[in-house]
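Peer 1: Please see the structure below; I have some questions.
What follows is calculated from the coordinates using simple rules that are stated; it is not laboratory data. The shown structure was predicted, so the numbers you read here are calculated from the model rather than taken from an experiment. FYI the Cβ positions are ideal-geometry reconstructions off the backbone, even for glycines, and counts take in every protein chain you see.
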Amino acid sequence: MNSKYQALFESFALRSGIQLKNRIIMAPMTNFSSNPDGTVSDAEVEYYIRRSKGVSMVITACTYVTRNGKGFSGEFAADSDEMIPSLRRLATAIKDQGAKAVLQIFHGGRMCPPDLVPGGEIVSASAVAAEQEGSAVPRALTDQEIEEIIRAFGETTRRAIEAGYDGVEIHGANGYLLQQFFSPHSNRRDDRWGGSLEKRMTFPLRVVDEVKKVVAEHAKGPFVVGYRFSPEEPETPGITMADTLVFVNALADKELDYIHVSLMDFWSQPKRGVDSTRPRIELIQERVGNRVPVMGVGSIHTADDALKALQTGVPLVALGREIIMDPDWVEKVEQGRETEIETTLTKDDQTRLVIPDPLWQAIMNTPGWFPVVENA
Ligand SMILES: Cc1cc2nc3c(=O)[nH]c(=O)nc-3n(C[C@H](O)[C@H](O)[C@H](O)COP(=O)(O)O)c2cc1C
């Protein structure tokens, strides 16, 4: 290895006691490839096996905690004990390759396609549709239903423990249900779940408390709990960087193993709420980095990109699209072959890269998402 990249390979001890062998994590990525009954498919397992040797930790695609939280076709299920064998199959496949396995637990709220949820009825904090064209108006959850969803996050955590995962990541990012409660766009409630910034934090923080409680009750060894969030929203009203700095301060009190800042560009700058042009990730690291480890993500492709990201002081970096395009990324850097890292795809790469059909179709049919180039 080029000694310059040594910092990527330092081990890192998480608060729970889980030891990471290096600083590179596989970001959570939906692959649309689970079986119609909600179990993980062979193709999906093969895709993960191909990507779990080098990274220290794999965060799985999101999995729904209740039936009305299913956000994607081909999303796997974690909403009943019947799914534990399926969940175990995925955990074992990842761990057998040497990576820690973390299950991303999720409810899609108003972003769920109505045809994926029972009765076509989508739910959220309030009856406000997302701004995207054609979005349906959700039904506002009742107080009792909110409590049930909190318990469902706990139940799914218990299943993750029973299935042998090393941890869970609570998906509070990318506009889904937890973010919908934190957002002044989607949360117009005036009860205990909304009305002020403080109250909008209640639901996500209660989910964290429930997950932590279940871990304390059920985990027999160290078990990771991470929280993923998006720092800003484009909508008005919408989450601003100022809101997020208050929220991360509250999250930092929760004894989490890490917080994960969901961004498409690691270096993106705040749009609203703070008087600074420094990257969002640096403001978050500065605010709470001494209390909870921060994980960054977004358009990190080369070994130099990852090194530069760690030099902000953030201890962990996740790779998303890059680990799809080059499953051997970590091994290449480790072996001094970082110049061989592939940062593009060609139309002929599906089989070589072990990518399931539905994910491959999504990539090919979404121009601009991945850098697809002509064959040399
Ligand atoms: C195919 C695909 C599926 C994704 N699915 C999820 C998901 O299930 N949960 C999540 O939190 N983020 C998801 N993301 C976002 C990624 O985790 C990551 O934040 C984003 O792709 C930016 O990182 P990158 O530039 O390294 O790809 C997905 C991204 C991709 C490309």
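Peer 1: Given H placed 1.01 Å from N in the peptide plane, which residues other than close sequence neighbours of residue 71 have an amide H under 5 Å from its amide H?
Peer 2: Amide H to amide H, under 5 Å and 5 or more residues apart or across chains, residue 71 pairs with 108.
Peer 1: Which whole-number percent of Cα pairs in region 221-274 have a distance greater than 18 Å?
Peer 2: It works out to 38 percent of all Cα pairs.
Peer 1: Between residue 342 and residue 96, what is the spin-label point distance in nm, taking each point 7 Å from the Cα along the Cα→C-beta axis?
Peer 2: Output for this residue pair reads 2.4 nm.
Peer 1: Oh, and also: Over region 105-222, one equal point on each Cα, no solvent: what is log10 I(q)/I(0) by the Debye formula at q = 0.12, 0.13 Å⁻¹?
Peer 2: So the normalised log intensities work out to -0.44, -0.52.
Peer 1: For residue 224, enumerate residues with amide H under 5 Å from its amide H, sequence gap 5+ or separate chain, H modeled in the peptide plane.
Peer 2: Amide H neighbours of residue 224, under 5 Å, 5+ apart: 167, 168.
Peer 1: Normalising by the residue count of the chain, find the relative contact order in percent from Cα pairs under 8 Å and 6+ residues apart.
Peer 2: 16
Peer 1: By what distance, in whole Å, do the Cα atoms of region 326-372 stretch along each of the three principal axes, largest value first?
Peer 2: Computed over region 326-372, the largest-to-smallest principal extents equal 34, 20, 14 Å.
Peer 1: Also, I was wondering about something else. Taking 20 °C and 1.002 mPa s as the conditions, I'd like the Stokes-Einstein D for region 218-321 in µm²/s, using the Kirkwood hydrodynamic radius from alpha carbon pairs.
Peer 2: So the translational diffusion coefficient is about 151 µm²/s.
Peer 1: So between residue 242 and residue 139, what do we pick up on full extension, going 0.36 nm a residue minus the alpha carbon distance?
Peer 2: 34.2 nm
Peer 1: So what's the Cα pair-distance distribution over region 269-376, bin width 5 Å, in %?
Peer 2: Using 5 Å bins, I get a P(r) of 2, 11, 18, 18, 16, 14, 11, 8, 3, 0 for region 269-376.
Peer 1: Ok, one more. Evaluate the Kirkwood expression for the hydrodynamic radius of region 291-348, namely the inverse of the mean inverse distance over all pairs of different C-alpha atoms, and round to one decimal in Å.
Peer 2: 12.1
Peer 1: To the nearest µm²/s, what D does Stokes-Einstein give for region 95-148 at 37 °C and 0.692 mPa s, using the Kirkwood radius over alpha carbon pairs as Rh?
Peer 2: So the translational diffusion coefficient is about 250 µm²/s.
Peer 1: Take peptides 359-369, 219-229 and line them up by average Cβ neighbours within 10 Å, highest first, as a rough protection proxy.
Peer 2: 219-229, 359-369
Peer 1: Output ³J(HN,Hα) for region 348-365: one whole-Hz value per residue in order, computed from phi by the Karplus curve 6.51 cos²θ - 1.76 cosθ + 1.60 with θ = phi - 60°, and x for Gly and Pro.
Peer 2: After applying 6.51 cos²θ - 1.76 cosθ + 1.60, I find 9, 8, 4, 5, 4, 8, 6, 10, x, 3, x, 5, 4, 4, 4, 5, 5, 8 Hz.
Peer 1: Of 4/95; 271/308; 4/332; 53/332; 21/332, which sit over 18 Å apart, Cα to Cα?
Peer 2: 4/95; 271/308
Peer 1: Would you mind listing how long the chain runs along its three principal axes, going by Cα atoms, in whole Å with the largest first?
Peer 2: Here the Cα extents, ordered largest to smallest, are 57, 48, 46 Å.
Peer 1: A follow-up question, please. Anyone know which of 306, 27, 127 comes out most mobile in the 10 Å Cα GNM of the chain?
Peer 2: Greatest mean-square fluctuation among the candidates belongs to 127.
Peer 1: Using θ = phi - 60° and the Karplus relation 6.51 cos²θ - 1.76 cosθ + 1.60, list the HN-Hα couplings for region 80-95 in order, rounded to whole Hz, with x at every Gly or Pro.
Peer 2: With the stated coefficients, region 80-95 comes to 8, 5, 4, 8, 4, x, 5, 5, 5, 4, 6, 4, 5, 4, 5, 5 Hz.
Peer 1: Give me, ordered by chain and number, the residues 5 or more places off residue 100 or on other chains with an amide H under 5 Å from its own placed amide H.
Peer 2: Close amide H contacts, sequence-distant or interchain: 57, 58.
Peer 1: So, one more: Any aspartates and glutamates with Cα under 12 Å of the residue 347 Cα? List them, leaving off those in the same chain fewer than 8 positions away.
Peer 2: Residue 347 reaches 374.
Peer 1: How many angstrom lie between the C-alpha centres of region 126-197 and region 327-376?
Peer 2: Cα centres, region 126-197 to region 327-376: 33 Å.
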